[in-house]
Amino acid sequence: MKYLVNNLILTAIVLAGCNSAMRGEASPKALTAQTIYRSMLCAGQQAAPVLRWITAEDAYQEMYPGIVPDHPDGHPVSAPTVDFSEDAVLLISMGQRRTAGYNLELSRDLLRLRNGELTLPVVWTEPADGLFVAQVITHPCLIITLPRRDIRSVTVIDQNGSVLLSGERK
């Protein structure tokens, strides 16, 4: 009996895989992203949330000091090295917020790439209704690297699966 159940389960798995392949669907590929910078006080941000692809070294070197504040001694922060032949950079911003309590970070969930469409899970934190928070302007943002491979578009989802931002690579 146990042998029969195991065979039925194995057959169902194989048939599901064959069915997906026959419809021409690509199975999702797992990717990794690496956080370069994350803060509640990103400089130079717009009022609305932003998703921005950076695919060239010169654009990255121009963008980075506009987002990351200078060292306390006044010296500019240098951008971490990115190999643009292998990777691209993605800026995700929550936009301007009027209180503390907002945060943005890369989720530990897997990134999935299917047919050129990347689903990027993040933890998008907002203060709870009625919570007392400091009245201060914040600009939470996240800068990450992603492999350049075949990504045509990105959809950023939160911890509840809600779509927050989306955009195509230019």
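The set of residues in the range 143-170 being part of a loop (DSSP other than H, G, I, E, B), in contact with a Lys or Arg (Cβ under 9 Å, 6 or more places away or on another chain) and not charged (D, E, K, R) consists of ILE151 alone.
Go through (1) farther than 21 Å from SER166 by Cα; (2) modelled with pLDDT of 90 or more one by one and return the number of the condition ALA16 breaks. ALA16 satisfies all of (1) farther than 21 Å from SER166 by Cα; (2) modelled with pLDDT of 90 or more except (2).
Please count how many residues of the range 116-142 are part of a loop (DSSP other than H, G, I, E, B), over 23 Å from ILE54 (Cβ atoms) and not aliphatic (A, V, I, L, M).
6
Sub-9 Å Cβ pairs linking a first residue in the range 143-170 that is within 29 Å of PRO65 (Cβ to Cβ) and touching a residue at least 40 places away in the same chain (Cβ under 8 Å) to a second residue that is of a type in the set (Val, Ile, Thr) and assigned to a loop (DSSP other than H, G, I, E, B), at least 6 apart or interchain, are ILE143/VAL68; THR145/VAL82; LEU146/THR32; PRO147/THR32; ARG148/THR55; ARG169/THR55; ARG169/ILE151; LYS170/THR55, ordered by first then second residue. I'd like to check something: does the range 20-32 contain any residue that is modelled with pLDDT of 90 or more, under 18 Å from VAL89 (Cα atoms) and not charged (D, E, K, R)? Looking for residues that are modelled with pLDDT of 90 or more, under 18 Å from VAL89 (Cα atoms) and not charged (D, E, K, R), one finds none in the range 20-32, hence no.
Tallying residues that are surrounded by 13 or more Cβ atoms within 10 Å (Cβ to Cβ), farther than 10 Å from THR145 by Cα and either of a type in the set (Asp, Glu) or in contact with a Leu (Cβ under 8 Å, 6 or more places away or on another chain) (or both) within the range 59-90 yields 3. Of the residues in the range 61-105, how many are under 28 Å from ALA134 (Cβ atoms) and in a strand (DSSP E or B)? Residues in the range 61-105 being under 28 Å from ALA134 (Cβ atoms) and in a strand (DSSP E or B): 7 in total. Checking the structure you have, find out if any residue of the range 111-133 is among the β-branched types (Val, Ile, Thr), surrounded by fewer than 17 Cβ atoms within 10 Å (Cβ to Cβ) and out of contact with any Leu (no Cβ under 8 Å at 6 or more places or on another chain). Yes.
Quick one: which of ARG108, ARG52 is over 24 Å from ALA134 (Cα atoms) and in a strand (DSSP E or B)?
ARG52
Within the set GLY161, GLY116, GLY101, GLY95, the sole residue that is over 16 Å from the mean Cα position of the chain (by Cα) and over 17 Å from THR35 (Cβ atoms) turns out to be GLY101.
The values are calculated or read from the model by the stated rules, or taken from the named source; none is laboratory data. The shown structure was predicted, so the numbers you read here are calculated from the model rather than taken from an experiment. Because the Cβ atoms are built from the backbone with ideal geometry, glycine has one as well, and the counts that use them run over all protein chains shown.
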